[in-house]
Amino acid sequence: MTTTETYSPFSASRDEVADVLIIGGGPAGTWAALAAAAQGARVILADKGYCGTSGATAPSNTGAWYLPAGARRDAEVERRLERSTGLAHRRWIVRTMEQALRGLDDIAVAGYPFPFDEEGRPYRANLRGPDYMAFMRRRVVRAGVRILDHHPATELLWSDGVVAGAAGLHPRSGERWQVRAGAVVIAAGGCTFLSHALGCDGNTGDGYLMAAEAGARLSGMEFSAQYGLCVADASVTKGLPFALASFTLEDGSPLPETGEERAVRIARAIVEGHQVYACLDRGREEEHDWLRRGQPNCFLPHDRAGIDPFTQRFRVALRSEGTVRGVGGLDLIDDDCATTVPGLFAAGDAATRENLAGAVTGGGSPNASWAIASGTWSGRGAARFAQSLGDAALTRPVRALGGAGLRPRRAASDELTARALLPYVQAETLPLDVNFFRSGGRIARSQQTLDALWEDVRDHAAGAGREALRVRELAAMTATGRFIWAAAAARTESRGLHRRVDLPDTDAAQSHRIHVSGVDEVFATPDDTARRALAS
């Protein structure tokens, strides 16, 4: 726990108790809530938005791993390990696949309307986001879980060396609320720095900062340079339609073939000042029809612009998906997804996915399966932890840990608004020539800028009502950027999503993880425990 600050006692206009508090109402959070309730725990789920419609999954379609034991599963395990650049763990991949299979079978029995394949059999490797999340909300309610919609958590509560709940702010009324709990699961997603990727603007790294203030460790934060291909000025970053695309520059010449993956070639062309265009002119007509029916939201930008994407060119861009479809997050120390802080668990994009994806994106089926699995494990583990403490834990005195953006150390400044400060954070986290392509000198500049910004936010930034939430989000994004660049500076090589133009080779001696901790001072420490485990 951070000990440099002594905070005043926290008072709230709404004070509730639960055995387990889930922070976040996306797939991981709802699975965690179900698992905790199944253990007999009293569960409260607090969502920043409306559970069932908020987050990155609700507006999307996604695949999932539905792989019974056999040759197909074995082949997928080997494929994931090969792509992971040496940082994924076979046992975690397999157990995630097994838990996802059980979870998908479970919701099928409960009545989820899976589509059917051409032979009339249920196809359980596909989840339609709106239907899936609405279904999960209904299941959570039926399980007896209390849902607090529009209750963004802003800080953790602490008692005698253990996380003891969380507190937050109602964005409309400005009222403070708190839930004292025997254990907390952070399932609040990752961070995209308000890049406007579809469904991701609520992902501002809140869980990372809250956990770090309690002393939690993060891992894999350098693997955050994940960018989704999209129609320029649109938010949908689904890659599937682009499988049928040809790419050209503004003059009509083909996108140069360099032997690199497509995203790297597009990013390089954009950084060099080119405009990149796509046309979905590959494939058969029936494939085009299938795309239109299966991915309707991908075609809304074209329809609005009056473009036929199968015959006409349209400009494309790369939009940051940060740690939502990147890798990094809170470090996990056991099979129950416990963090390094007693009483605190993590699931979904809030947790590191290195065990599953290594240094590359797990976007799509891996991440969807991870949400099911890690949500289930963390909810179950949190319930057991809370039950081991007994009801007396819910009456213990607590104190709030939140600092930057909530309780300025010095006189608050009206000039340090979230709107005024956001461009400074985004300038160090979103541009392709800063984050997609990295270098030692540019990393150092970003660290210096965000360190200085952090001091201003910590000492002088505060707000009232809705602005209080926005300022705290700004603090969380600033902290997340600092975690990313601390880890990036410590990894002196290129590996997966961490692309160093000054150090383009992968160094076999750096097949370890980078742990990050601290708030006012951020520390990055190489850890080769995972490498030893993988080698054993």
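The values are calculated or read from the model by the stated rules, or taken from the named source; none is laboratory data. Given the structure is predicted, the values throughout are model-derived calculations rather than measurements. Here the Cβ positions follow ideal geometry from the backbone for every residue, glycine too, while neighbour counts run over all protein chains shown. The area values use the complete protein model at the heavy-atom level, side chains included, leaving out ligands, DNA and RNA. Shrake-Rupley method; radii C 1.70, N 1.55, O 1.52, S 1.80 Å.
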So, GLY364, is that one open to solvent by less than 10 Å² (accessible area, probe 1.4 Å) and either closer than 30 Å to ILE107 by Cβ or in contact (Cβ under 8 Å) with a residue 40 or more places away in the chain (or both) or not? no
How many residues of region 131-147 are open to solvent by less than 30 Å² (accessible area, probe 1.4 Å) and more than 21 Å from the chain's Cα centre (by Cα)? The answer is 3
Is there any pair linking a residue in region 159-186 that is small (Gly, Ala, Ser) to one that is open to solvent by less than 10 Å² (accessible area, probe 1.4 Å) and assigned to a loop (DSSP other than H, G, I, E, B), with Cβ under 6 Å and at least six apart or on different chains, and which? GLY168/PRO152; ALA183/GLY343
Of all residues in region 106-119, how many are assigned to a helix (DSSP H, G or I) and open to solvent by 50 Å² or more (accessible area, probe 1.4 Å)? 2
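From ALA243, ALA267, ALA234, ALA263, grab the single residue that is surrounded by 15 or more Cβ atoms within 10 Å (Cβ to Cβ) and either without any contact (Cβ under 8 Å) to a residue 40 or more places away in the chain or more than 29 Å from GLU493 (Cα to Cα) (or both). Show your work before the answer.
On the way: ALA243 fails: surrounded by 15 or more Cβ atoms within 10 Å (Cβ to Cβ); ALA267 fails: either without any contact (Cβ under 8 Å) to a residue 40 or more places away in the chain or more than 29 Å from GLU493 (Cα to Cα) (or both); ALA263 fails: either without any contact (Cβ under 8 Å) to a residue 40 or more places away in the chain or more than 29 Å from GLU493 (Cα to Cα) (or both).
It is ALA234.
Checking the conditions here, which among GLU455, GLU473 is closer than 23 Å to PRO171 by Cα and open to solvent by 10 Å² or more (accessible area, probe 1.4 Å)? Talk me through it step by step, then tell me what you get.
Numbers: GLU455 fails: closer than 23 Å to PRO171 by Cα.
None of the others qualify; the one that does is GLU473.
Of the residues VAL77, VAL17, which is outside any loop (DSSP other than H, G, I, E, B), open to solvent by 10 Å² or more (accessible area, probe 1.4 Å), farther than 22 Å from LEU330 by Cβ and β-branched (Val, Ile, Thr)?
Numbers: VAL77 fails: open to solvent by 10 Å² or more (accessible area, probe 1.4 Å).
VAL17 is the lone residue from the list that is outside any loop (DSSP other than H, G, I, E, B), open to solvent by 10 Å² or more (accessible area, probe 1.4 Å), farther than 22 Å from LEU330 by Cβ and β-branched (Val, Ile, Thr).
Scan region 217-255 residue by residue and report those that are among the hydrophobic types (A, V, I, L, M, F, W, C) and under 30 Å from HIS89 (Cβ atoms). Lay out the reasoning, then the answer.
Of region 217-255, the ones among the hydrophobic types (A, V, I, L, M, F, W, C) are 218, 221, 223, 225, 229-232, 234, 236, 240, 242-245, 247, 249, 255.
Answer for region 217-255, where residues must be among the hydrophobic types (A, V, I, L, M, F, W, C) and under 30 Å from HIS89 (Cβ atoms): LEU218, MET221, PHE223, ALA225, LEU229, LEU240, ALA243.
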So, in region 467-516, exactly how many residues are of a type in the set (A, V, I, L, M) and either in a strand (DSSP E or B) or within 30 Å of ASP414 (Cβ to Cβ) (or both)? 11
Options ALA412, ALA392, ALA444, ALA420: the member that is free of Cβ contacts under 8 Å to residues at least 60 places away in the same chain and part of a loop (DSSP other than H, G, I, E, B): ALA412
